[in-house]
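Structure record follows, encoded as structure tokens.
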Amino acid sequence: MIKEKILTYCRHMIKREKSVHTLALSVSVGVFIAFSPYIFFHTIMIFVLSWLLNLNLVITFAVTYAVNNPWTMCFVYLADYLTGDFILRMASCSPVLMNPSWMNWVNGQLCAYTGLSGLSFWSFMVGGNLLAVLFSVMLYPIMKNICIRMSRNMHRAL
């Protein structure tokens, strides 16, 4: 039942949009925003990027908050942090030592509230930006092929 509703909505969007490129790019940008580490700016990024890139605002908004919502945000941000921490450690850097001096207070507060020691601002930023770019670039050709196939199937049905 849910699968049919999602497919019906996707068909409706493909009929409305006319451009497979715009649909695929809207989904990719939505995923980029969802994984980006700029937590309090996601909604602003949706409106600005949708306007600048002439994207489908509804799809970009829906994808962003389907991927990053209150039930998934801990996992998304944990993946961001662990990816950045892994990359910085592979580069033989200590992520904690790379923090700017003003972040020591923020990291100290996070450590006090979470009970975790050694949190790094740069691990979160590096991992978040890397995963955002990686997932959005990987998703574009996949979504473009899916939209093309759905569009062909709809035209055959007519």
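Readers should treat all values here as calculations from the given coordinates under stated rules, not as data from a laboratory. Computed from a predicted model, the values in this text were never measured in an experiment.
Quick notes
- Volume per residue that the Cα convex hull of region 21-76 spans, once the total is divided by residue count, Å³: 63 Å³
- Using C-alpha pairs under 8 Å with a sequence gap of at least 6, the mean separation divided by the residue count of the chain gives a relative contact order of 33 percent.
- Think of it as helices only: each DSSP H run of n ≥ 4 in the chain is worth -39500 (n - 2.57), and spread over all residues that comes to -26000 deg cm²/dmol at 222 nm.
- Gyration tensor verdict on region 1-94 (Cα atoms; rounded if a/c is under 1.5, prolate if a/b is larger than b/c, oblate otherwise): prolate
- Nearest-ten-degree value, helix 42-52 long axis tilted from longest Cα axis of the chain: 50 degrees
- Cα-based helix-to-principal-axis angle, 73-90 vs the chain, degrees rounded to 10: 60 degrees
- Using the Cα coordinates of the chain, the gyration tensor eigenvalues translate into equivalent-ellipsoid semi-axes of 37, 15, 14 Å, sorted from longest to shortest.
- Fully extending the segment from Ile148 to Val48 would add 33.3 nm, taking 0.36 nm per residue of separation and subtracting the current Cα-Cα distance.
- Angle between the chain longest axis and helix 103-114 axis [Cα atoms, degrees, rounded to 10]: 80 degrees
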